[in-house]
Amino acid sequence: MEGSREQVTSNDALRIDDLPVRDELRGKSPYGAPQLDVPVQLNTNENPYPLPEPLVARIAERVAEAARGLNRYPDRDAVELRTELAAYLTRTGKHRVGVENVWAANGSNEVLQQLLQTFGGPGRTAIGFEPSYSMHALIARGTGTGWISGPRNEDFTIDVAAAAQAIAENTPDVVFITSPNNPTGTAVEADTVLALYEAAQAAKPSMVVVDEAYVEFSHRDSLLPLLEGRPNLVVSRTMSKAFGAAGLRLGYLAAHPAVVDAVQLVRLPYHLSAVTQATALAALEHTDTLLGYVEQLKVERDRLVTELRALGCEVTESDANFVQFGRFADTHGAWQRILDRGVLVRDNGVPGWLRVTAGTPEENDAFLDAVRELMKEQKR
Ligand SMILES: Cc1ncc(COP(=O)(O)O)c(C=O)c1O
């Protein structure tokens with residue numbers, strides 16, 4: 001426009017560290033698995049089955065209904081959704097859960113962030129037993145919570161005595177227990193959780209968060225019944241894996257009602273959009289079909305374990321929708337050789353080990369063919 005001066009933003013070489021960012025963020029890079037466009041993508045523990053068409057149609061219906069009210073803010077407390085999530089947990093978790101015990105957010109990552117904003121924060125610490133889900137440490141950093149890396153056994157199980165000692169020595173405010181664990185696939189015994197809960201209450205009351213993102217794929221029952229009489233225990237869950245809805249961003253927790261009240265001190269108002277709530281409610285109407293896919297994936301997961309062992313790989317027992325396999329002298333080289341054959345798996349930075357997500361039978365066959373070739377090369 002004549003006479004008007006356009007403000008031009010310069011995108012010249014300016015990096016994160018040139019900005020006045022918080023000290024703990026300096027020199028860090030954002031979380032993210034490579035999103036490469038290859039034929040077989042088995043690197044982010046997604047469910048390979050698209051939502052069934054009747055569910056897609058139901059989502060369209062419920063979202064259309066929600067759209068008519070988008071001029072208003074959504075139900076801030078997501079009561080209908082939390083009621084249905086509670087019913088799902090009660091039906092599948094062998095433990096009665098009411099709406100007052102459930103809280104939901106945009107993915108379980110947001111649930112975990114809200115927990116650390118509430119119970120962690122500056123001057124406080126959280127512990128996890130590593131290798132485990134790397135976002136626990138990253139969310140700790142983002143919320144100003146100090147991070148303590150606790151020990152694990154060589155076979156990736158938790159050494160109860162060593163873990164209890166780490167809790168006693170460090171007196172963390174939040175203890176993370178991931179079961180089944182990512183990236184190893186190992187499940188945690190109820191007795192271990194009980195022992196660590198006791199250890200976490202010994203010096204001062206601390207919160208224990210059991211991350212059950214993959215529990216629907218487990219050979220074992222959920223740890224939900226442990227909530228009884230333990231107000232400082234939280235179980236977090238997600239619709240990203242078993243419900244095949246990673247794109248929906250819906251995670252939730254079950255805990256004592258006081259915990260549900262506490263996280264509301266930090267949640268942003270109206271954090272869960274009306275579209276998200278409508279979509280999640282539609283998915284919950286189709287729980288039985290979606291859990292049918294989980295059963296198929298469990299069979300495929302067990303097949304991957306058996307066939308990888310037959311190919312000469314070491315494999316960690318898995319209760320999740322993925323399998324950790326190895327061991328490779330050159331881990332990144334092995335990852336690359338598999339990728340060269342069109343299959344993307346995950347190098348989680350555990351020396352010697354890679355992780356593959358259970359896909360469709362065809363995807364798993366392509367992956368096993370790639371590993372067969374890799375193992376032949378390694379023998380040469
Ligand atoms: C152990 C564990 N917890 C939580 C999550 C986060 O899932 P979401 O934020 O999609 O619910 C993941 C995702 O991979 C995970 O592996």
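The values are calculated or read from the model by the stated rules, or taken from the named source; none is laboratory data. Not measured: the values here are computed from a predicted model. Positions of Cβ are generated from backbone atoms using ideal geometry, with glycine treated the same way; all protein chains shown enter the neighbour counts. Side chains included, ligands, DNA and RNA excluded: accessible areas come from the protein's heavy atoms. Shrake-Rupley method; radii C 1.70, N 1.55, O 1.52, S 1.80 Å.
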Subject >> the range 142-161, subset among the polar types (S, T, N, Q) and in a loop (DSSP other than H, G, I, E, B), residue nearest to residue 132 (Cα to Cα) >> reply: 157
Original post:
Any residue at all in the range 206-224 that is in a strand (DSSP E or B), more than 28 Å from residue 346 (Cβ to Cβ) and touching a residue at least 60 places away in the same chain (Cβ under 8 Å)?
Top reply: yes
Subject >> Matching residues, the range 162-178, being part of a loop (DSSP other than H, G, I, E, B) and either open to solvent by 10 Å² or more (accessible area, probe 1.4 Å) or more than 17 Å from residue 232 (Cβ to Cβ) (or both) >> reply: 171, 173
Original post:
Regarding residue 229, is this residue within 12 Å of the ligand (Cβ to nearest atom), farther than 22 Å from residue 128 by Cβ and not in a helix (DSSP H, G or I)?
Top reply: no
Original post:
Under the condition of being under 20 Å from the mean Cα position of the chain (by Cα) and hydroxyl-bearing (Ser, Thr, Tyr), which residue from the range 179-215 is nearest to residue 234 (Cα to Cα)?
Top reply: 179
**OP:** Report whether or not residue 244 is more than 19 Å from the chain's Cα centre (by Cα), open to solvent by less than 60 Å² (accessible area, probe 1.4 Å), at positive phi and touching a residue at least 12 places away in the same chain (Cβ under 8 Å).
**Re:** no
Original post:
Looking only at residues in the range 350-380 that are in a loop (DSSP other than H, G, I, E, B) and without any contact (Cβ under 8 Å) to a residue 24 or more places away in the chain, which one is surrounded by the most Cβ atoms within 10 Å (Cβ to Cβ)?
Top reply: 351
Subject >> Candidate set: the range 103-121, residues that are assigned to a helix (DSSP H, G or I) and hydrophobic (A, V, I, L, M, F, W, C); chosen: the one most open to solvent (accessible area, probe 1.4 Å) >> reply: 119
**OP:** Search the range 248-263 for residues that are aromatic (Phe, Trp, Tyr) and pair each with any residue that is in a helix (DSSP H, G or I) and within 16 Å of the ligand (Cβ to nearest atom) when their beta-carbon atoms are under 6 Å apart and the residues are at least 6 apart or on different chains.
**Re:** 252/85
Original post:
Being part of a loop (DSSP other than H, G, I, E, B), within 29 Å of residue 200 (Cα to Cα), under 20 Å from the mean Cα position of the chain (by Cα) and outside the structural domain of residue 294 (by TED's automatic domain parsing), is that true of even one residue in the range 73-90?
Top reply: no
**OP:** Inspect all residues belonging to the range 126-135 and state whether any of them is of a type in the set (D, E, K, R) and either more than 15 Å from the ligand (Cβ to nearest atom) or more than 24 Å from residue 27 (Cα to Cα) (or both).
**Re:** no
**OP:** Starting from the range 167-190, keep only residues that are without any contact (Cβ under 8 Å) to a residue 24 or more places away in the chain and more than 12 Å from the ligand (Cβ to nearest atom), then list their pairs with residues that are aliphatic (A, V, I, L, M) and open to solvent by 10 Å² or more (accessible area, probe 1.4 Å) whose Cβ atoms are within a distance under 9 Å, requiring at least 6 positions of separation or different chains.
**Re:** 189/158; 189/160
**OP:** Please enumerate the residues belonging to the range 196-241 that are basic (Lys, Arg) and surrounded by 24 or more Cβ atoms within 10 Å (Cβ to Cβ).
**Re:** 237, 241
Original post:
Which condition does residue 324 not pass, out of (1) closer than 16 Å to residue 182 by Cβ; (2) open to solvent by 30 Å² or more (accessible area, probe 1.4 Å), if it passes all the others?
Top reply: (2)
Original post:
Of the conditions (1) crowded, with 19+ Cβ neighbours inside 10 Å; (2) touching a strand residue (DSSP E or B) at 6+ places or on another chain (Cβ under 6 Å), residue 146 fails just one. Which one is it?
Top reply: (1)
